[in-house]
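Participant: Below is one structure. I have some questions about it.
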Ligand code: ADP
């Protein structure tokens, strides 16, 4: 069975084609700048060079059409025919309270996704466009939706409700939903395997540190709490997002700077975070370089980021009544020994410490805590595409 995994953003489409007999990736790629000048598909068959395919890509439908053409292309393709694709799995950002698990896409599910647009105006519309484009180009091929929010649907009400009038929840669904759920679920399962334990015996703190960053308290296999909220803006300071701030800052800035709702939204989502603090970049590699050359604001951005992560780890240990493992994943978490070291410096009171030698690892599964530490620290590379493909296979296998 071959599964196509599709992740549609507002101007991009990421994809992977997996052969589920051995879960190998046959090809992957990225469509960028959809609806803009310079749109391009970069296709990469496994074990071969990347193939840049420039074309006018006005919308997601054209993007998907190009991806399918690349997959069956006589030279750089990996399939004889599109018919070899048995199912398609889509990453969907926001499933609201409607979805606690992955689902087969049906007209009812599409209606529910449309209802969720209000809560994820940036994220859900491209996901819906992608699903519709695939339905048009591959009629009859089953499609599955895998939600970023689903894993966090186990959060108890005391963890997900804000201190707002209860009617705000009833009327508008204003509550914390959490995101990156597919990643938090995957790495918490993987760390349990690594430890030779069952998830239901472990209290795990998973730190997904990428451009977007979130932390989850996974207590006995279920998400108890997570740092992102109603939208992916809450929680940690991120690449360009502010994370949590005093909400009174919003009307203050709107008045002082004459900002509209859209402008303040853009300010908090695109101009803040470590980019806004450092004035250097949103990319941690650039900030680490600038800091090494003595840039004080770059140093400050790294200090603030690490401090927040450490505070969340401490608070989630308290929320779970203890912790057995801490996991680092995603771009920064997997690849930055200095940031992992900075975050964990001060966690000795929890019964753990990083071993500097073991910590010298990038992009590989490894335990990095000192021998005999009561709380184990791990690096676990995330693999959201694999989870999407597995869920898609499971749901679609049940159809036949
Ligand atoms: P997203 O999926 O949210 O775009 P990723 O998980 O791909 O993010 O993480 C991207 C970030 O990871 C980059 O912005 C960069 O800051 C960070 N990163 C990647 N590699 C390294 C590295 N070797 N050292 C430090 N930071 C890194």
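Each reported figure results from applying straightforward, stated rules to the coordinates on display, with no laboratory input. Since we're looking at a predicted model, the values are computed, not measured. Positions of Cβ are backbone-derived with ideal geometry, glycine not excepted, and every protein chain shown enters the neighbour counts.
Participant: First check a/c for the stretch 2-147, with a ≥ b ≥ c the square roots of the eigenvalues of its C-alpha gyration tensor; if it is under 1.5, answer rounded, and if not, answer prolate when a/b is larger than b/c or oblate otherwise.
Facilitator: Details: a/c = 2.03, a/b = 1.36, b/c = 1.50.
Oblate, since a/c reaches 1.5 and b/c is not below a/b.
Participant: Scattering from the C-alpha atoms of the stretch 261-339 alone, worked out with Debye: what is log10 I(q)/I(0) at q = 0.17, 0.20, 0.27 1/Å?
Facilitator: Taking Cα atoms of the stretch 261-339 as identical point scatterers yields -0.78, -0.95, -1.20.
Participant: Give me 198, 73 ranked fewest to most by other Cβ atoms within 10 Å of their Cβ, as a rough exposure proxy.
Facilitator: Lowest count first: 198, 73.
Participant: What residues from the stretch 368-400 fall in the zone where the backbone N is under 18 Å from a label point 7 Å along the Cα-to-C-beta line of residue 104?
Facilitator: 389-400
Participant: Between the stretch 192-245 and the stretch 339-400, how many Å separate their Cα centres?
Facilitator: 12 Å
Participant: Looking only at Cα atoms, what is the convex hull volume of the chain per residue, in Å³?
Facilitator: Cα-based convex hull of the chain, divided per residue, equals 162 Å³.
Participant: Given all pairs of different Cα atoms, what value in angstroms does the Kirkwood hydrodynamic radius of the stretch 280-400 take?
Facilitator: 16.1 Å
Participant: Can you sort 43, 208 so the residue with the fewest Cβ neighbours within 10 Å comes first?
Facilitator: Lowest to highest Cβ neighbour count: 43, 208.
Participant: Also, quick follow-up: For the stretch 198-384, what is Rg from Cα atoms divided by 2.2 N^0.38 Å, rounded to two decimals?
Facilitator: 1.06
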